[in-house]
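This report refers to the structure that appears directly beneath it.
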Amino acid sequence: KSELNIVVCCVIFLQVLNEKKLQEVDSLWKEFETPEKANKIVKLKHFEKFQDTTEALAASTALVEGKLSKNLKKILKKIVAKDAHEQLAVADAKLGGVIKEKLNLSCIHSPMVTELMRGIRSQIEGLITGLPSREMAAMCLGLAHSLSRYKLKFSPDKVDTMIIQAISLLDDLDKELNNYIMRCREWYGWHFPELGKIITDNLTYCKCVRKVGDRSNFASSDVSDILPEEIEEDVKAAAEISMGTEVSEEDINNIIHLCDQVIEISEYRTQLYDYLKNRMMAIAPNLTVMVGELVGARLIAHAGSLLNLAKHPASTVQLLGAEKALFRALKTKRDTPKFGLIYHASLVGQSNTKNKGKISRMLAAKTALTIRYDALGENTSAEMGAENRLKVETRLRLLEERGIRRISGTGKALAKTDKYQNKSEVKVFDPSGDSTLPVVSKKRKIQEVDEPDTEVAVKAKKFKAEMKEGTAVEDGEPVKKKKKKKDKERQAAEEEVPSEELPTSPIIEVR
């Protein structure tokens, strides 16, 4: 590390004299306070001027893009290649990598190099002798203007800015048209309210009002070029029995002038829509085939440019335009939205409510591919967009028909399912399982009973028979038969009330 060579504007080479002072990055600016101090740090090694502004612009644009220009390549081979053991300090790391790859030179890029470049720019007039400050300022200003023009130059076939402005203007025109037509219908509705129900098309309504004016002129006017015969007869019949109020001629003139504005704006909107379609087919043909002109233009406008849209993943393309709903769902921990601007695509509109989420996700994935192909590819054909659209349509058809196809085999025949047959056996309920006592036969009971028990059973039966007859004797005294409670109550009632005193029911003679 004996010396450092520094490239400034591709033409000035400076050699570092005192490398030790460069190690102190924070205090390096002090060494470039004056031209005398700067000359002690670096000295001019080589200087080569540009022939004209065009050559300077080419070298500057190559530096901005991080490329190695032809002029710089020749100078590096002549001068720096002699000192191959030295290091080359480069302000741009990308440019340093290109120099190292093509010329095999050791390049460094660090904060120290950045501070060194800043100090050299501040004292460039003192380091390069023979250049007046006025001429240096004029050359820098001219080169800056040329470089700015180069950055702003564009290709007329690849301009997404025109699409952004066109779709924004189209939306504004739709809003204004809606307001104007609503105002015209309300205004003329006071005079002829039945006309608004008969003629539903807004543009036809305004043309009819502009041509006829007062409702009394409908009977003598011919509007066959605007309305069909049936509707024309209905309008004339309604004009005769209309319940609208009378208006002055000045009011009719103002309404007619408003109708002129609506018709002019509608014609301009149609022209602008045709322009937008042509621009979209020129800039993003595959995107246009996939989602349509309006949806594609709104996606580009929402992202800022076609290149910015190409950097977005498919999930972001799917939710572009629904950011507010997305963040609200994340904040409240609810279900996130399934689609944004892509909801207005024709493929999503054709699907059922259940399949809109699946179709929008698949359409967003294919749309992201077509956007990258349009933005970064060199081919301008729309074949890729047509193929991807066909895939999405096929998927949509399968979802709508609910077709289950086989994984193996040809895949063309529908999978067959066997009929379900119930093969279960019918079982009968066994009531014997309800009892918890052991089942014993009668013969076994008689055999197991002892002899004393049989004598007790015989005595009990004999005593019951005697009780019925009234001859039962216990401990030498006769046992009285117990009367039931009901019998006692009945006997007591008979003793208290004699049969003669019982009340009799009166006899009523009916004639």
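The values are calculated or read from the model by the stated rules, or taken from the named source; none is laboratory data. Nothing here was measured: the structure is a model prediction, and the numbers come from that model. When we count neighbours, we look across all protein chains shown, and the Cβ atoms used for this are built from the backbone with ideal geometry, even at glycine. Areas reflect the complete protein model, heavy atoms only, side chains present, ligands, DNA and RNA absent. Shrake-Rupley method; radii C 1.70, N 1.55, O 1.52, S 1.80 Å.
Would you kindly derive the ³J(HN,Hα) couplings of segment 189-201 from the backbone phi angles with the Karplus curve 6.51 cos²θ - 1.76 cosθ + 1.60 (θ = phi - 60°), listing them in order in whole Hz, with x for Gly and Pro?
So the Karplus estimates, Gly and Pro as x, are x, 5, 8, 9, x, 5, 5, x, 7, 6, 9, 8, 6 Hz.
Pairs of lysines 8 or more apart, or on different chains, with alpha carbons under 27 Å: count those in segment 123-277, would you?
Here the count comes out as 12.
Tell me the label-point distance for the pair residue 211, residue 253, using the 7 Å Cα-to-Cβ offset, in nm and rounded to one decimal.
For the pair residue 211/residue 253, the computed spacing is 2.4 nm.
Please list, ordered by chain and number, the residues whose modelled amide H lies under 5 Å from the amide H of residue 107; skip anything fewer than 5 residues away on the same chain.
So residue 107 has HN proximity to 88.
Search the structure for amide H atoms under 5 Å from the amide H of residue 199, placed 1.01 Å from N in the peptide plane, and list their residues when 5 or more places away or on another chain.
Under 5 Å from the amide H of residue 199 lies no amide H from a residue far enough along the sequence or on another chain.
Rounded, prolate or oblate: which fits segment 284-400, taking a ≥ b ≥ c as square roots of the Cα gyration tensor eigenvalues, rounded meaning a/c under 1.5, else prolate when a/b beats b/c?
Oblate shape, in that a/c is at least 1.5 and b/c is the bigger or equal ratio.
For the cross-link pairs 37/67; 43/74; 311/331, which exceed 24 Å when the distance is taken from alpha carbon to alpha carbon?
37/67; 311/331
For residue 347, what is the net charge nearby, where nearby means another residue's Cβ is under 9 Å from its Cβ and Lys, Arg count +1, Asp, Glu -1?
Here the count lands on 0.
Sequence-distant or interchain residues sharing an amide H contact under 5 Å with residue 42, placed H: which?
Close amide H contacts, sequence-distant or interchain: 17.
Counting only heavy atoms of the protein chains, get the accessible area per residue of segment 284-400 (1.4 Å probe) and round it to a whole Å² value.
53
Between residue 224 and residue 47, what length in nm is gained on full extension when 0.36 nm per residue of separation is reduced by their alpha carbon distance?
55.3 nm
In nm, give the distance between the simple-model label positions of residue 236 and residue 197, each being 7 Å from the Cα along the Cα-to-Cβ direction.
Result: 2.1 nm between the two label points.
Computed FRET efficiency, Cβ-Cβ of residue 79 and residue 383, R0 41 Å: what is it to the nearest 0.05?
My answer for the efficiency is 0.20.
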